Amino acid sequence: MKTTLNNLMTKISKDSKIYIAGHRGMVGSACWRLLEKKGYTNLIGRTSQELDLRDQKAVAEFFQKEQPKAVIDAAAKVGGILANDTNPYEFLLYNMQIQNNLIQSAHLYDVKKFIFLGSTCIYPKETPQPIKETDLLTGPLESTNQWYAIAKISGLKLCQAINKQFGKNFISLMPTNLYGPGDNYDLETSHVLPALIRKFHEAKIDNHAPVKLWGTGKPLREFLHVDDLASAVFFVMNMPLKHDLLNVGSGEEISIADLARLIQKTVGHQGDILWDQAKPDGTLRKLSDSKKLINSGWKSTTPLKTGIKKTYYEGYKLKIG
Ligand code: GFB
């Protein structure tokens, strides 16, 4: 990365204007909470009604007026395996539109630090584990999420192009599967962890009815609490880094079947678990190698068991009342 001394020295201070794109989503709101707690006083956000991020002109006008010094790009069309598989058009197009508009405006209006968020599904389906940043584009993608992955790859490449050509400091973070407060509990579009919390909770209330889960239960996943991702964003925002693409993971891997048992126990469901093998498994393993970020000084602090308990009692149960 060709980063100028000027950009490396740029300090984001507590009164710097920081725009969090997607501030109402799970990731954006976690970043907002953390920055507010750390004493940052000039955070700005816009709802999708106030600013359509797919509208290039509106985004450019917003940047021209607001002149943020730093941007956290947590705005994206996201969803679980089925949503990805059934809406390829929206996952590819909307994500490219949103990120292109944000990245281009951030470049044109001289944003000093831009943090682009993606996911470890950008890496090839069959790749040595744990997955390193250098594994990018070394093989074919997983078919269910290739649309989202290609959008995110193009976003990180655009950030790298800006760094290379203009000496800027646009950093891409690729977190593993996230969960936590503000997650999506819609059973058709959600990721596995919130879906399982809801399924086990509802089945418990329904006299411990059997719970039907997707796939075989064999795939392995790595989960990261969203507050840990927010701490990585905060870390990266304040650090001059050599790298412009970094994985963010907990290093804690679990099979979907074991995750199901863990959530079942946390919720207190005592019925059977059934597997609907007509639903996709997705990639069989995607454990990230986050050594680059960890060696720079960041680490995750929420063990999965604790995070699930917190998400169930302080997130889901409060949400449903
Ligand atoms: O979290 P998830 O939807 O996404 O699914 P991916 C993970 C695994 O859980 C898959 C299984 O093997 C699913 O078959 N699973 C079992 C379930 N029961 C359920 C259920 O009720 N709901 C869901 N959703 N899954 C997504 C990508 O992949 O992860 C995105 O599609 C993104 O692009 C995101 O990268 C982080 O981990 O397979």
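Within segment 73-118, the residues that satisfy the criterion of being within 15 Å of Ile171 (Cβ to Cβ) and within 14 Å of the ligand (Cβ to nearest atom) are Ala74, Leu117, Gly118.
The combined condition, being without any contact (Cβ under 8 Å) to a residue 24 or more places away in the chain and assigned to a helix (DSSP H, G or I), is fulfilled by Thr134.
Only one of the numbered conditions (1) in contact (Cβ under 8 Å) with a residue 24 or more places away in the chain; (2) assigned to a helix (DSSP H, G or I) is violated by Lys157, and that is (1). Pairs linking a residue in segment 188-213 that is closer than 19 Å to Ser119 by Cα and within 13 Å of the ligand (Cβ to nearest atom) to a residue that is of a type in the set (D, E, K, R) and outside any helix (DSSP H, G or I), with Cβ atoms under 8 Å and 6 or more positions apart or on different chains, are Ser190/Asp183; His191/Asp183; Val192/Arg221; Leu193/Asp183; Pro194/Asp183. Sub-9 Å Cβ pairs linking a first residue in segment 14-30 that is acidic (Asp, Glu) to a second residue that is in a loop (DSSP other than H, G, I, E, B), at least 6 apart or interchain, are Asp15/Tyr40; Asp15/Thr41; Asp15/Asn42, ordered by first then second residue. Going through (1) β-branched (Val, Ile, Thr); (2) modelled with pLDDT of 95 or more; (3) open to solvent by 60 Å² or more (accessible area, probe 1.4 Å) one by one, Val233 falls short only on (3). If you check Leu102, Leu53, Leu35, Leu93, which single one turns out to be farther than 30 Å from Thr144 by Cβ and under 22 Å from the mean Cα position of the chain (by Cα)? None of the other options fit; the residue is Leu35. In segment 168-208, the residue that is surrounded by the fewest Cβ atoms within 10 Å (Cβ to Cβ) out of those that are more than 24 Å from Ser300 (Cα to Cα) and among the polar types (S, T, N, Q) is Asn207.
Name the single residue that is farthest from Glu133 (Cα to Cα) among those in segment 285-311 being in a helix (DSSP H, G or I) and open to solvent by less than 40 Å² (accessible area, probe 1.4 Å). My answer is Thr311. Of the set (1) open to solvent by 40 Å² or more (accessible area, probe 1.4 Å); (2) within 16 Å of the ligand (Cβ to nearest atom); (3) in a helix (DSSP H, G or I); (4) farther than 16 Å from Phe91 by Cα, all apply to Trp147 but (4).
Scanning segment 245-288 for residues that are more than 10 Å from the ligand (Cβ to nearest atom), of a type in the set (A, V, I, L, M), touching a residue at least 60 places away in the same chain (Cβ under 8 Å) and more than 17 Å from Glu202 (Cα to Cα) yields Leu245, Leu246, Val248, Leu287. With respect to the conditions (1) open to solvent by 10 Å² or more (accessible area, probe 1.4 Å); (2) over 16 Å from Gly28 (Cβ atoms); (3) within 16 Å of the ligand (Cβ to nearest atom), Leu156 lacks only one, and its number is (1).
The values are calculated or read from the model by the stated rules, or taken from the named source; none is laboratory data. Bear in mind that the values here come from a model prediction, so they are computed numbers and not experimental data. Heads up, the Cβs are rebuilt from the backbone with ideal geometry, glycines too, and the neighbour counts pull from every protein chain shown. Note: accessible area is taken over every heavy atom of the protein model, side chains too, but ligands, DNA and RNA are not part of it. Shrake-Rupley method; radii C 1.70, N 1.55, O 1.52, S 1.80 Å.
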